[in-house]
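**Q** Dropping a structure here in structure tokens format, bear with me for questions.
Each reported figure results from applying straightforward, stated rules to the coordinates on display, with no laboratory input. Quantities reported herein were computed from a predicted structural model and do not represent experimental measurements. No Cβ is skipped: glycine too gets one built from the backbone with ideal geometry, and neighbour counts run over all protein chains shown.
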Amino acid sequence: MEKEPIAVQGIKITGLRRYPQSLVQQELKKVHQAQTFGALLEEIDAATQNLNQTDLFDDVKTSIGGADAQGVHVTIHLSEKKPYKLKVGATTSGAADEVRYEAAGTLRGFLRMGELATATVTKSPKHGLELAFGLRRPVATPLAVLGLAESIVSVDVEVGGREAPWAPATSSTPGRRVDGRAVRCACAARDGSRRLVVEVARRVGVDDDAFSESTKCALSYALRADGRDAAAAPTDGACADASVEVAGLGDAGDARFVKAEGALQNHIRVTKLQNGFVALGGVARVGAALPLFGNGVLDLAMPDRFYLGGPLRLRAFERCGVGARSPRARGAPLLAGDATALPAVGGALLWAASLILSAPVPGDLGRHGLRALAFLDAGGLLAPGARASLTSLMAETRLSCGLGLALAPAAFARLELNYGWVLRARPGDVAKGLQFGVSAAFGS
């Protein structure tokens, strides 16, 4: 039936109140061009996914019917989200100076052009005021060669301090924060599985002077090919990701490097149970940074390096817990053995792999997505300037294994609760047995 020839005679769009029909029609161009029933289903699925990514609709439903001598008719029914959203809250780590107050607002379609505007204000006694603004809208772009002819274009601006990714909060210590004078502006075009970003960032230290001022002007491109049965809890299919970032073209900024990263995962169903499948999944990831144009010395600032460790990247190790730690520049002296209070050095070469065997737990819980899993993880980092060889790669490889539970509620996120054992570590590594992690998809 999938190869049965068809012709799409017409597409009807219902449910629009604040947005123009052209906003939806540009996502349905390939639906019109489908020539087989299988191709029609694929294009409808892709269009539905793109419409959901706009964050303008609560629900997107599609029906196919009315087949006649001229062809089939497709109906798209949309349920729009509220035109505004306001969220106010506070978080704390327990210390009086670590209370953070946050207010976030979203406006949808205030110009009736399908745009989405966001603003977030965060205030804390320790880090002062932080601001973040975003604006995005689906538009046609002259980037067809990159697969971005019909894209969601967004502009994001961040001002003020935020958690430094190389020194995140742990169970025993608060995270380091980028200095409040830091500014980041990014303009992105995204179309389904492809994304192009132009970024300008002024990075200003952290609260312990772990790195000095620097400016990055970068261009990055990422793409994904996804054939999995589900993103958050896959049991079948494969997925490949690739990205490249170039910083310093035209001598713009202080950062000058080429950074590439790729990942591949595959999942197979081992056997069928009453409430689901036993599945075996494998993930491999590699990343490398090189000097721009392949010459000179690679001088990677800490924000541009690779970091490894955490409940979803290398289990049984603390977040960013793999590799050497940098000396403390100033502040209170460390307690003996308190390595988590030191920021991670990171690396210029990263490799990681995971092998996971999972099965639904017995009963209705398993039928609703709760899975038990056993994992074997491996990975490592090479510091900037270190020579890559088989001997050094083997020497820097860490190993861990463990058991856990995974849940994908409504298939929009993946939650993991794991307990792991470190099989192989290096001096400076920080282990953590019990971990909880949240991600948008498996392997992300």
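**Q** List the lysines whose Cα sits under 21 Å from the Cα of residue 259, skipping any in the same chain fewer than 8 residues away.
**A** List returned: 216.
**Q** In sequence order, what are the phi-derived ³J(HN,Hα) couplings for the range 378-385 according to the Karplus relation 6.51 cos²θ - 1.76 cosθ + 1.60 with θ = phi - 60°, rounded to whole Hz, with x for glycine and proline?
**A** The phi angles translate into 8, x, x, 9, 10, 5, x, x Hz.
**Q** Taking Cα centroids, how far is the range 1-24 from the range 389-434 in Å?
**A** Centre-to-centre (Cα) distance: 45 Å.
**Q** Here's a follow-up. Quick check on my link table: of 29/61; 81/123; 12/61, which ones sit more than 21 Å apart, alpha carbon to alpha carbon?
**A** 81/123
**Q** Non-local amide H neighbours of residue 114 (under 5 Å, H modeled in plane, Pro and chain starts lacking H): which ones?
**A** 109
**Q** Then there's this: Of the listed peptides 84-91, 45-52, what is their order by residue-averaged count of other C-beta atoms within 10 Å, with the highest listed first?
**A** On the way: 84-91: 10.4, 45-52: 16.9.
Listed from highest to lowest mean packing, they are 45-52, 84-91.
**Q** Once you place label points 7 Å from the Cα toward the Cβ at residue 121 and residue 244, how far apart are they in nm?
**A** 4.3
**Q** For labels at residue 219 and residue 355 in the simple 7 Å Cα→Cβ model, what's the distance in nm?
**A** Between residue 219 and residue 355, the simple spin-label model gives 4.2 nm.
**Q** Residues with amide H under 5 Å of residue 324's amide H, sequence separation 5 or more or different chain, H placed in the peptide plane at 1.01 Å from N; which?
**A** Residues meeting the amide H criterion: 345, 346.
**Q** Two decimals is fine: what is log10 I(q)/I(0) at q = 0.11, 0.13, 0.23 Å⁻¹ for the range 8-80, from a Debye sum with one equal scatterer on every Cα and no solvent?
**A** Cα-only, vacuum Debye calculation for the range 8-80: -0.25, -0.34, -1.04.
**Q** Highest mean first, what order results for 302-310, 316-324, 354-362, 221-229 on Cβ atoms within 10 Å?
**A** Highest-to-lowest ranking by the protection proxy: 316-324, 302-310, 354-362, 221-229.
**Q** Please list, in chain and number order, the residues 5+ apart from residue 230 or on another chain whose amide H is under 5 Å from its amide H, with Hs placed from the backbone.
**A** Under 5 Å from the amide H of residue 230 lie the amide H atoms of 235, 236, each far enough along the sequence or on another chain.
**Q** Subtracting the Cα-Cα distance from 0.36 nm times the residue separation, let me have the gained length for residue 272 to residue 82 in nm, one decimal.
**A** Gain on stretching residue 272 to residue 82: 64.2 nm.
**Q** Place the peptides 255-268, 13-26 in order of packing, highest mean first, counting for every residue the other Cβ atoms within 10 Å and averaging per peptide.
**A** Top to bottom by mean Cβ count within 10 Å: 255-268, 13-26.
**Q** OK, next. Using θ = phi - 60° and the Karplus curve 6.51 cos²θ - 1.76 cosθ + 1.60, what whole-Hz ³J(HN,Hα) does each residue of the range 56-62 get, with Gly and Pro shown as x?
**A** Working through the residues one at a time gives 9, 10, 6, 8, 10, 10, 10 Hz.
**Q** Enumerate the residues in the range 299-323 having an amide nitrogen under 14 Å from the point lying 7 Å beyond the Cα of residue 388 toward its Cβ.
**A** Of the residues in the range 299-323, 306 have backbone N under 14 Å from the label point off residue 388.
**Q** Karplus couplings for the range 389-399 from phi (6.51 cos²θ - 1.76 cosθ + 1.60, θ = phi - 60°), rounded to Hz, Gly and Pro as x?
**A** 8, 4, 5, 5, 5, 5, 5, 8, 7, 9, 9
**Q** I want the local charge near residue 58. Using Cβ-Cβ distances under 15 Å, sum +1 for each Lys or Arg and -1 for each Asp or Glu among the other residues.
**A** Summing Lys and Arg as +1 and Asp and Glu as -1 gives +4.
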